[in-house]
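FYI, it's all coordinate maths here, none of it is from the lab. Everything numeric in this text was worked out from a predicted model, so none of it was measured. As a convention, Cβ positions derive from the backbone with ideal geometry for all residues, glycine included, and neighbour counts pool all protein chains shown.
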């Protein structure tokens, strides 16, 4: 992935980056598994004053 | 003789208006304090002494002409170094950005505070690119807690905490994406206001996570937060999420007391993963307010996870070109998280933003039964500057990622929060979040002001 994105990820950094990726993938199921309808709208520009239904 | 570096902003402004002192004298007292203590506290990265002296002289001249002085006349303030300050490179805590050309204009929040008479003293230390909860900075050194210099300020607005708590400014501005105003306010014993998302313009500030970024003040009194907030509020077409209308001033509301306000206490997620000091502080505030109604933020742990992922992905996307060209110039801890964020799949981001809508809708229902609720601001008092882990509920966890465990779910949906400082049973400061409905900064400030008037919460200058 780093190569595809042209990110200069050196061998010495890989363990730390992998740890951060592992943490992200450990947390992500908490909301990925939460049941939402396909129609649920993401919030590209969030508005705290006028929440969408 | 009054030590002006220990006085809150409203007292300084009143003394200057009355002629008890001058803006120049207050400015010089603060510049002297910075010269004496900044090396120990790591608060300032840039000091705008000439600009401050010129502004103070202009205020004194205005008073000499018999003109009415504005609300914050002569009040010394400073800003996190991600705010544009004309003539300074906006370094955002990084090594990379300090090679940028100097900003050609000030952040509008600086312009508005100066229009209210405040005197800019300089720019403040921060965690690199605001991706931090500790106040450490690999390039400029850590900011240190004025109440105990062996301890961290919290971050990423670490210099903002150190300066306000150390008597090096009466008001400081910080940013809060996941807790970066509330965490240093808690650890440094300050009042901190994270306004509603979109309340204050973020134009001409260096972003971190645009969909979560807020700006706001830290100070040593609630009245000072209200004065600063009113001075800075208002629409700004240069920030696409900034509110479009002129808000009602909060200052007239602050002293109205608690009458009619229903206050709850967050339970569940907000009663786990903290030290006894954090929960005891919430209980002390709740007892005083007579707040017994439990408030349950459903799925708060998922909200924190979603905020975490949005932060990683937006942060990675923002910095991907710098990661390609200047990877060796980043703080290693920040860089490795940004690398990871740049490689996470878009699916996670979209789903996190969908969950955000759901969590907002569910949480706003709570305000049918309460006007505000309480939660811990941080899970512990200030860890040692170099401390890497701490123990929460029997688990040894990284400090850097977990100091914001109680702040992240709240900023995720942009609710306004006042962090109020207490003295914990271990002698160190710790904060409690007073959380209100969107646009109701006045409610959170009223509760905070009542607690301050009753002596439950208090902020003082630390000389540790």
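Worth a mention:
- Remark: region B:179-276 projects, on average over all directions, an area of 8.4 nm² (convex hull of Cα atoms).
- Ranked packing of B:248-258, B:164-174, most packed first, by mean Cβ within 10 Å: B:164-174, B:248-258
- Spin-label model distance (nm) - residue A:37 vs residue B:454, 7 Å beyond Cα toward Cβ: 4.4 nm
- Averaged over the residues of B:196-206, the number of partner chain Cβ atoms lying within 10 Å of the residue Cβ comes to 1.
- Label-point separation in nm, residue B:6 to residue B:384, each point 7 Å along Cα→Cβ: 3.0 nm
- Helical runs (DSSP H, four residues minimum) scored at -39500 (n - 2.57) apiece and divided by the length of the protein assembly as shown put the mean residue ellipticity at 222 nm at -11500 deg cm²/dmol.
- Look at where the Cα atoms of region B:184-261 and of region B:68-145 average out, and the two centres are 16 Å apart.
- Å³ per residue enclosed by the Cα convex hull of region B:110-155: 105 Å³
- Highest mean packing comes first when the peptides B:263-270, B:179-186 are listed by Cβ atoms within 10 Å, giving B:179-186, B:263-270.
- Computed E for residue B:426/residue B:248 - FRET, C-beta separation, R0 45 angstrom, nearest 0.05: 0.65
- Computed over region B:13-135, the range of Cα coordinates on each principal axis works out to 47, 31, 24 Å, biggest value leading.
- Remark: mean inter-chain Cβ contacts per residue of B:92-105 equal 0, using a 10 Å Cβ-Cβ cutoff to other protein chain atoms.
- Distance between the 7 Å Cα→Cβ label points at residue B:362 and residue B:115: 4.2 nm.
- Extended-chain gain in nm, criterion 0.36 nm per residue less alpha-carbon gap, residue B:39 and residue B:54: 2.9 nm
- As a calculated quantity, the FRET efficiency between residue B:296 and residue B:401 at R0 = 35 Å, using C-beta atoms, amounts to about 0.90.
- In terms of its alpha-carbon gyration tensor, region B:302-379 comes out prolate; a/c meets the 1.5 threshold, and the first ratio a/b outweighs b/c.
- Per-residue shielding of A:5-12, expressed as the average number of other chain Cβ atoms within 10 Å of the residue Cβ, stands at 5.
- In the calculated pair-distance distribution of chain B, the portion above 39 angstrom amounts to 13 percent of the Cα-Cα pairs.
- Debye-sum result for region B:307-430 in log10 I(q)/I(0), which assumes one identical scatterer on each alpha carbon, at q = 0.16, 0.18, 0.21 Å⁻¹: -1.03, -1.16, -1.24
- Straightening the chain between residue B:271 and residue B:369 buys 33.3 nm, computed as 0.36 nm per residue apart minus the Cα-Cα spacing.
- Most tightly packed first, judged by the mean number of other beta-carbon atoms within 10 Å of their residues, the peptides B:390-400, B:197-207, B:45-55 read B:197-207, B:45-55, B:390-400.
- Overall form of region B:65-160 per C-alpha gyration tensor (a/c, 1.5; a/b vs b/c): oblate
- Counting all C-alpha pairs of region B:283-325, share separated by more than 14 Å (%): 68 percent
- Figure legend: label point modelled 7 angstrom from the Cα of residue B:237 along Cα→Cβ; residues of region B:163-207 with amide N under 20 Å from it are B:198-205.
- Segment residue B:105-residue B:325, extension gain: residue separation times 0.36 nm, minus the distance between their alpha carbons: 76.5 nm
- Per-selection Rg to Rh, the protein assembly as shown - Cα, Kirkwood hydrodynamic radius: 0.95
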